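To start, the structure under review is shown below, and the notes come after it.
The values are calculated or read from the model by the stated rules, or taken from the named source; none is laboratory data. These figures come from a predicted structure and were not determined experimentally. Here the Cβ positions follow ideal geometry from the backbone for every residue, glycine too, while neighbour counts run over all protein chains shown. For accessibility, only protein heavy atoms count, side chains too; no ligands or nucleic acids. Shrake-Rupley method; radii C 1.70, N 1.55, O 1.52, S 1.80 Å.
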Amino acid sequence: MTTILEPFDERHLVALGEMVDDPELLRFMRVPEPVPPDFARTWLDRYEEGRRDGSREAFAIVDEDGAFLGLALAPRIEHDARTAELGYVVAPAARGRGVATEALRRLTEWALEELGMLRLELLISVDNVASKRVAERCGYVREGVLRSLHVKQDIFEDTEIWSRLATDA
Ligand SMILES: CC(C)(COP(=O)(O)OP(=O)(O)OC[C@H]1O[C@@H](n2cnc3c(N)ncnc32)[C@H](O)[C@@H]1OP(=O)(O)O)[C@@H](O)C(=O)NCCC(=O)NCCS
């Protein structure tokens, strides 16, 4: 399956609204629970603001026909430190087909080559086996565990930090 990254915008709001209640997404991502009614719009506004000031970026993952498959994210871009945190989520119906692996490959290439980052980070729950597999497949290195890291609201969780450097092969 061909996966394409296109800037996340208005066109993707409905698809995001349909995906945001997925239990896996809520379990492993920083989406508040219960999900506020206008959350997709709030999320788009935050990323469009980040796109303007260079602090964040979001892509929709789509297939060759433009069908929405998920999101590829840079929730934190630090230009001075040349370091960015990346993230990804795939729509439940599109999981298990290599979409996240392909999307992270493209997102990594974009962050290293277009943004000029030297260090990329992934924060992955110790319980998220699938995401760790995606990180490994994309050449990220597991550095260790951040114990009881704040995830959202009153949720704290042991979280693995994985990295990829511009100097990695
Ligand atoms: C994690 C997630 C992005 C994976 O998306 P995906 O498109 O299914 O991922 P891929 O198909 O590219 O690869 C998944 C890999 O994990 C493996 N995997 C999936 N579920 C697994 C499980 N429960 N146990 C072990 N391995 C698992 C698959 O076999 C595959 O490995 P392989 O390529 O060696 O076969 C998707 O499950 C998701 O959106 N989850 C909710 C949000 C989330 O967790 N985002 C990441 C936050 S760090």
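For region 116-138, the set of residues classified as open to solvent by less than 30 Å² (accessible area, probe 1.4 Å) and more than 10 Å from the ligand (Cβ to nearest atom) consists of Gly116, Met117, Leu120, Glu121, listed by residue number.
Ala60 meets all of the listed conditions (1) of a type in the set (Gly, Ala, Ser); (2) within 15 Å of the ligand (Cβ to nearest atom); (3) open to solvent by 20 Å² or more (accessible area, probe 1.4 Å) but one, namely (3). In this structure, does Arg97 turn out to be basic (Lys, Arg), more than 8 Å from the ligand (Cβ to nearest atom) and surrounded by fewer than 19 Cβ atoms within 10 Å (Cβ to Cβ)? Criteria not met by Arg97. Within the option set Arg147, Arg142, being of a type outside the set (A, V, I, L, M), part of a strand (DSSP E or B) and more than 16 Å from the ligand (Cβ to nearest atom) holds for one residue only, Arg147.
Only residues that are outside any helix (DSSP H, G or I) and without any contact (Cβ under 8 Å) to a residue 60 or more places away in the chain: list them for region 96-122, please.
Gly96, Leu115, Gly116, Met117, Leu118, Arg119, Leu120, Glu121, Leu122 - these are the residues of region 96-122 that are outside any helix (DSSP H, G or I) and without any contact (Cβ under 8 Å) to a residue 60 or more places away in the chain.
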